[in-house]
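Before any comments, here is the structure.
The values are calculated or read from the model by the stated rules, or taken from the named source; none is laboratory data. In this text, all values refer to a predicted model and were calculated from it rather than measured experimentally. Using ideal geometry, Cβ is built from the backbone for each residue, glycine included, and neighbour counts are taken over all protein chains shown.
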Amino acid sequence: MTRGYPAEPRGVTVTFAGSGDAFGSGGRYQACIHLRPAGGSPVLLDCGATSLSALKRLGIDPGEIAAVFISHLHGDHFGGLPFLILDGQFSRRTRLLAVVGPPGTATRLADTMECLFPGSSTAPRRFAVEVTELAPGTAGTICGVAVRAWEADHPSGAPALLLRLDLAGKTIAYTGDTAWTGAIAEAAADADLLIAEAYYRDKNVPYHLRLADLHAHLDQLAARRIILTHMSADMLDAPREPSFEQARDGLTITL
Ligand SMILES: [Zn+2]
Ligand SMILES: [Zn+2]
């Protein structure tokens, strides 16, 4: 009889703490997706300006978050970092906080902290904030999460990223904000979950994904499950689209 090593725990609990756009459409919080891997520390996908409130409303402890993966440097996707960092400082956090984002993240984060809370970017605190900048086309492993990045089509003063995370035996792809690009199909290939922007139904808004784009390319999206997020009032007010699941603030699923 052979006896193997105990299997690594598998499974991820995904909570959409914030599923809204930049403008509070539908009263929703900005982009903030909380991933809790079985047997590991939770991480965030994006951290919009409203994220601390969104997490605390759901009773999720921001102090447990080991890493934040940022798709791009717009306020509704990364603007919550100064609040998360200061909350850690005032709640006596000691564990390192990893921040992973596109090239330029370290400088933009320091600038944003100085703008919102002067002196905060250099204030002494009990934990380190370690920024890893991920260029499109590269990959890395941060806090046990394997991440790959592709270039999104969404100007934000820095490259915007499509992200694919592998954690606890599950694969989650995330479009962030982007016009349709073939890289979305690559990032979503064989994923357990694709979290896709669906900003408008069919109105042509530059640099954003529409429901019409997802329909047009559905045969290329080989993810096992697709959940729409970052919806404007145009999407939220429309009759529910049966082909796709839609996120809402507080939606929790288990992969
Ligand atoms: Zn954006
Ligand atoms: Zn956005």
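Looking at ALA22, ALA54, ALA31, ALA49, which one is modelled with pLDDT of 95 or more, under 17 Å from ALA196 (Cα atoms) and surrounded by 24 or more Cβ atoms within 10 Å (Cβ to Cβ)?
ALA31
Can you name the residue in segment 115-163 that is among the hydroxyl-bearing types (Ser, Thr, Tyr) and either closer than 22 Å to GLY63 by Cβ or assigned to a loop (DSSP other than H, G, I, E, B) (or both) and is also nearest to ligand 1 (Cβ to nearest atom) among such residues?
Within segment 115-163, the match that is nearest to ligand 1 (Cβ to nearest atom) is SER156.
Determine whether ALA179 is modelled with pLDDT of 95 or more, within 16 Å of ligand 2 (Cβ to nearest atom), of a type in the set (A, V, I, L, M) and not in a strand (DSSP E or B).
So ALA179 fits the description; yes.
Looking at segment 201-235, which of its residues are in contact with a Lys or Arg (Cβ under 9 Å, 6 or more places away or on another chain), buried (at least 16 other Cβ atoms within 10 Å of the Cβ) and in a helix (DSSP H, G or I)?
Of everything in segment 201-235, those that are in contact with a Lys or Arg (Cβ under 9 Å, 6 or more places away or on another chain), buried (at least 16 other Cβ atoms within 10 Å of the Cβ) and in a helix (DSSP H, G or I) turn out to be LEU211, ASP234, MET235.
Residues being within 16 Å of ligand 1 (Cβ to nearest atom) and polar (S, T, N, Q): count how many of those fall in segment 194-247.
The total comes to 2.
Among (1) farther than 28 Å from SER53 by Cα; (2) assigned to a loop (DSSP other than H, G, I, E, B); (3) touching a residue at least 24 places away in the same chain (Cβ under 8 Å), where does ASP249 come up short?
(1)
What residue, among those in segment 71-94 that are touching a residue at least 40 places away in the same chain (Cβ under 8 Å) and part of a loop (DSSP other than H, G, I, E, B), is nearest to ligand 1 (Cβ to nearest atom)?
Restricting to residues being touching a residue at least 40 places away in the same chain (Cβ under 8 Å) and part of a loop (DSSP other than H, G, I, E, B), the top hit is HIS74.
For the subset of segment 182-202 comprising residues that are within 16 Å of ligand 2 (Cβ to nearest atom) and of a type outside the set (Phe, Trp, Tyr), which member is farthest from GLN30 (Cα to Cα)?
Top of the filtered list is ILE184.
Out of (1) touching a residue at least 40 places away in the same chain (Cβ under 8 Å); (2) over 21 Å from the mean Cα position of the chain (by Cα), the odd one out for VAL129 is which?
(2)
For segment 71-84, check the following and say yes or no: at least one residue is more than 16 Å from ligand 2 (Cβ to nearest atom), of a type in the set (Phe, Trp, Tyr) and in contact with a helix residue (DSSP H, G or I) (Cβ under 6 Å, 6 or more places away or on another chain).
yes
Name the pairs whose Cβ atoms lie under 8 Å apart, with the first residue in segment 173-190 and closer than 14 Å to GLN220 by Cα, the second part of a loop (DSSP other than H, G, I, E, B) and of a type in the set (Ser, Thr, Tyr), and 6 or more positions between them or separate chains?
Correct list of pairs: ILE184/THR175; ILE184/THR178; ALA187/THR175.
Among the residues of segment 47-70, which ones are of a type outside the set (Val, Ile, Thr), under 16 Å from ARG28 (Cβ atoms) and within 16 Å of ligand 2 (Cβ to nearest atom)?
CYS47, GLY48, ALA49, SER51, ALA54
Keeping to segment 33-70, report how many residues are away from ligand 1 (no atom under 16 Å from the Cβ), touching a Cys at 6+ places or on another chain (Cβ under 7 Å) and of a type in the set (Ser, Thr, Tyr).
1
In segment 182-225, what residues are in contact with a helix residue (DSSP H, G or I) (Cβ under 9 Å, 6 or more places away or on another chain) and aromatic (Phe, Trp, Tyr)?
TYR199, TYR200
Would you tally the residues in segment 209-245 being polar (S, T, N, Q) and either farther than 17 Å from ASP177 by Cβ or without any contact (Cβ under 8 Å) to a residue 12 or more places away in the chain (or both)?
Qualifying residue count for the region: 2.
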